[in-house]
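Chemist: After the C-alpha cells below, expect a handful of questions from me.
The values are calculated or read from the model by the stated rules, or taken from the named source; none is laboratory data. Note that the coordinates shown come from a computational prediction; the quantities given were computed from them, not determined experimentally. Here the Cβ positions follow ideal geometry from the backbone for every residue, glycine too, while neighbour counts run over all protein chains shown.
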Amino acid sequence: MSGKFGKKFEQVCDVLDRHEHHPDNLIAILQEIQEVYSYLPEDIMTYVATALGVSPGSVFGVATFYSHFTLAPKGKYVVRVCDGTACHVKRSEDIIKALEEELKLGGGKNTSDDLMFTLETVACLGACGLAPVVVINEEVHGSMNPEKAKALIEKIRSGETGHG
C-alpha cells in the first residue's frame, strides 16, 4: 500500500502491535485509530476485529456504544452550536439554520462535501452568559447571530484559500 492510506494503515498496525493484539485493549485501540483517521472507518474496524480475533460485531458494538467514537468523517473544523436553554431562548435555531444553508447541510448530513466543516448541535457548552454560543474547534464565539456565524465560516474559508 502506498500514499496516504498506506501510512495511516501502518499506524493502525503500530497501534495493534503496541497493544499486543489483545482484545481487552479494544477501547484504547479504537481511540488511537480514531486519532489517526479522525473517525473509525468500517474497513479498518473489520481489520481490527480480525487482528484481535474477535467478531466484527463486537468491535462495531463498542464503537457505536461509546459516544466519543464517530463512524463518519468529520471536517477539519467542527462547528458546535449550543441549543441549551439560554442559547435557544436567544434564537440559536436561527444560527443552526443559517449554518446549514451556508455549508449546504441538513437532512441528516452534517459534514460538508469538501470535509472542511462538521456542524453539531450540543445541549450546553457551559458559556450561558455569552449566549448564543458557537464553538469552532476549541475557539468560543459568544453573542452570535446568523450573520456573525456565516462571517466566521467565510473567514475560515478565505484563510484556507489564502485570499484573506
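Chemist: Of all residues in segment 40-76, which are of a type in the set (S, T, N, Q) and within 19 Å of the chain's Cα centre (by Cα)?
Modeler: Once the filter is applied, which keeps residues that are of a type in the set (S, T, N, Q) and within 19 Å of the chain's Cα centre (by Cα), segment 40-76 yields 64, 67, 70.
Chemist: Can you tell me which residues in segment 59-99 are within 25 Å of residue 22 (Cα to Cα) and hydrophobic (A, V, I, L, M, F, W, C)?
Modeler: 59, 60, 62, 63, 65, 69, 71
Chemist: Out of all the residues in segment 71-79, is one or more more than 22 Å from residue 116 (Cβ to Cβ), loosely packed, with under 14 Cβ neighbours inside 10 Å and outside the structural domain of residue 147 (by TED's automatic domain parsing)?
Modeler: So far as segment 71-79 goes, no, none of its residues is more than 22 Å from residue 116 (Cβ to Cβ), loosely packed, with under 14 Cβ neighbours inside 10 Å and outside the structural domain of residue 147 (by TED's automatic domain parsing).
Chemist: Here's another thing I want to ask about it. Give the residue, chosen from 67, 143, that is without any contact (Cβ under 8 Å) to a residue 60 or more places away in the chain, farther than 30 Å from residue 9 by Cβ and loosely packed, with under 14 Cβ neighbours inside 10 Å.
Modeler: Sole residue among the options that is without any contact (Cβ under 8 Å) to a residue 60 or more places away in the chain, farther than 30 Å from residue 9 by Cβ and loosely packed, with under 14 Cβ neighbours inside 10 Å: 143.
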